[in-house]
Amino acid sequence: MSAPALDRKIEPKIDYKIARSIQRITSTAFGQYQSAVIRIGFSATYLFFLLREFPHRHEMYGPDAPWRWDMAQQLISGNQAFTALMWSDNTVWFEIVYAVALISAALLMVGWHTRAMSVLFMAGVLSLQNRSIFMGDGGDNVIHLMAIYLMLTRCGRVWSLDARRAARQARAGGEDSRRPARGTVAGTVLWAVLGLVLIVASATDGLGGTWWLPTLLWILWVGEGAWWAVNRYAPHSESRTLLDVIANLAHNATLVVIMAEVCLIYATAGWYKIQGSRWQDGTALYYPLKLDYFTPWPWLSDVLASSGVMVMLITYGTVVVQVAFPFTLFNRRVKNVLLVAMMCEHAGIALLLGLPFFSMAMIAADAVFLPTVFLVWLGGRATRVRERLFPGRGTVPGQRRGTGDEEVPQHSGDGGHTLVG
């Protein structure tokens, strides 16, 4: 066979594979279970943090903070960051913002109108963290970024109240999986209120001095309106398909960004550690174990610090795992082994160094690499435990038992989602 004839034979196969790949990327939201775990993990982390610091909230972010309101205002006028706490220095307003941050974290965790709650969660996280920039332990930076990314993911497709409501509506509407889920009055009112706040904040320059945050919020709000209108008046039109394509592209692209962010965190942390002399001689772990601030269990820290071999192995092991992890993504088995090692490392940090929320944030970020098979199995186990504890409750008619939860049909909205709902 001549070379031109062979080329003509291969080209259609290549074109078919490219077209099939594009079709998959635009028609499927990948990593639905992983994005759900990220949603639950980060919202739970921030919720527990806000609850633990509730008695000290005024000293950390409120009117009694050492970083006074006028000092924060002066800083923000320079870096143009967003925080709703700069809208007023009134104590009542602070309590409202703190309550919104706490409630939105709880509702995002359970997946109630997930898209709207992700917007409120982002606003709460940025408002508190940008108000007092010195409050945090490293995990706050991760939560800060993930709160923004979550708005662009379809993180409520499984393991959420939105998914449960969509499954009920699909069963009530018959077996036609193309039937879109209907919105709720609560969702409509919620987005109407958010739109009113957005209009006022935009008119009064209350969204900070950056261009990307107002643009992103307006796109989400207009997209929610388009989603609602199309689902109501043209549920089977090409416009509905186009919105699904945009939703899947935004979700998949954001998931790639999240994975790249996690790899960047570990790679930079590992390579910076290599440059330190204490990490090079294997004694770096010894010093925090001897600091009162990082020893919630002094006897346990003393036991570990007394073993030079253990200190050396953990010190070198930490560096090796962090530097090697981005390269293990090309081998699934090795990646899973190192993923378990990193999660155990963060659990050890929470226990030995007293940094539980930093560890929870990093474990939640690591979850983006968990295998789907494992997450489905874990969801199935959780479902069976729930059914044993609460028989007859929480089961969707027609749902298969032991699947972990019901997935939203591919062409259905959830009433609480915008473009990427």
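The values are calculated or read from the model by the stated rules, or taken from the named source; none is laboratory data. In this text, all values refer to a predicted model and were calculated from it rather than measured experimentally. Backbone-built Cβ (ideal geometry, glycine too); neighbour counts: all protein chains shown. For accessibility, only protein heavy atoms count, side chains too; no ligands or nucleic acids. Shrake-Rupley method; radii C 1.70, N 1.55, O 1.52, S 1.80 Å.
Over the stretch 61-205, what number does the Rg to Rh ratio reach, with both radii from the alpha-carbon atoms and Rh per Kirkwood? Don't skip to the answer; put the middle values down first.
Values: Rg = 17.9 Å, Rh = 17.0 Å.
Rg/Rh: 1.06.
Between MET343 and ARG384, what FRET efficiency comes out of the Förster formula 1/(1 + (r/R0)^6) with R0 = 25 Å and r the beta carbon distance, rounded to 0.05? Present the calculation step by step, with values, prior to reporting the outcome.
On the way: r = 24 Å, r/R0 = 0.95.
In this case the efficiency is close to 0.60.
How big is the dipole moment of the stretch 5-149 about its Cα centre under a simple scheme where the beta carbon of each Lys and Arg is +1, that of each Asp and Glu is -1, and everything else is neutral? Debye, nearest 20, please.
Numbers: 12 positive and 11 negative charges, 200 e Å.
Using Cβ point charges on Lys, Arg, Asp and Glu, the stretch 5-149 gives about 960 debye.
Highest mean first, how do 52-62, 272-282 rank when packing is the count of other Cβ atoms within 10 Å averaged over residues?
Numbers: 52-62: 15.2, 272-282: 12.8.
So the order, starting with the most tightly packed, is 52-62, 272-282.
Can you pull the percent of the stretch 21-72's accessible area that's carbon plus sulfur, 1.4 Å probe, other chains left in place? Intermediate values should be presented prior to the final figure.
Values: 1580 of 2390 Å².
Taking all protein chains in place, the stretch 21-72 shows 66 percent carbon and sulfur surface.
Please sort 19-27, 313-321, 103-111 by packing, taking for each peptide the average over its residues of neighbouring beta carbons within 10 angstrom, highest first.
Numbers: 19-27: 11.9, 313-321: 17.1, 103-111: 22.2.
Peptide ranking by packing, descending: 103-111, 313-321, 19-27.
So the label point goes 7 Å from the Cα of THR91 along Cα→C-beta, right? Which residues of the stretch 29-58 then have their backbone N under 12 Å from it?
58
Give the Debye-formula value of log10 I(q)/I(0) at each listed q (0.26 Å⁻¹), with one equal scatterer per alpha carbon of the stretch 72-140, two decimals each.
Per q value, in the given order, log10 I(q)/I(0) is -1.15.
Cα convex hull of the stretch 178-302: how many Å³ per residue? Kindly include the intermediate steps, with their values, before the conclusion.
Working: hull volume 30.0 nm³, N = 125.
Spread over its residues, the Cα hull of the stretch 178-302 gives 240 Å³ apiece.
Given the stretch 254-369, what whole percent of its Cα pairs are spread farther than 23 Å? Display every interim value, and only then the final one.
Details: 2046 of 6670 pairs.
So the portion of pairs separated by more than 23 Å is 31 percent.
Can you give the Kirkwood hydrodynamic radius for the chain, in Å, rounded to one decimal and based on Cα pairs?
On the way: mean 1/r = 0.0421 Å⁻¹.
Computed over the chain, the radius equals 23.8 Å.
Identify, among ALA19, ALA101, PHE42, the residue whose Cα sits farthest towards the positive end of the charge dipole of the stretch 6-144, taking +1 on the Cβ of Lys and Arg and -1 on the Cβ of Asp and Glu, with the dipole about the Cα centre.
Comparing the listed Cα positions along the dipole, ALA19 ranks first.
Quick one: net charge of GLU95's neighbours, Cβ under 15 Å, K/R +1, D/E -1? The partial results should precede the final answer.
On the way: positive: ARG57, ARG131; negative: GLU53, GLU59, ASP64, ASP89.
Neighbour charge sum, excluding GLU95 itself: -2.
Name the helices (complete DSSP H segments) of the chain with a Cα length along the long axis of 18 Å or more and a Kyte-Doolittle mean of at least 1.6, or state none.
Working: long enough: 3-27 (36 Å, -0.57); 32-52 (30 Å, 0.73); 91-110 (29 Å, 2.09); 114-131 (25 Å, 0.63); 185-203 (27 Å, 2.35); 212-233 (31 Å, 0.51); 238-274 (54 Å, 0.89); 308-324 (24 Å, 1.89); 332-352 (29 Å, 0.98); 372-389 (25 Å, 0.22).
For the chain, where a helix must reach 18 Å along its axis and average at least 1.6, the hits are 91-110, 185-203, 308-324.
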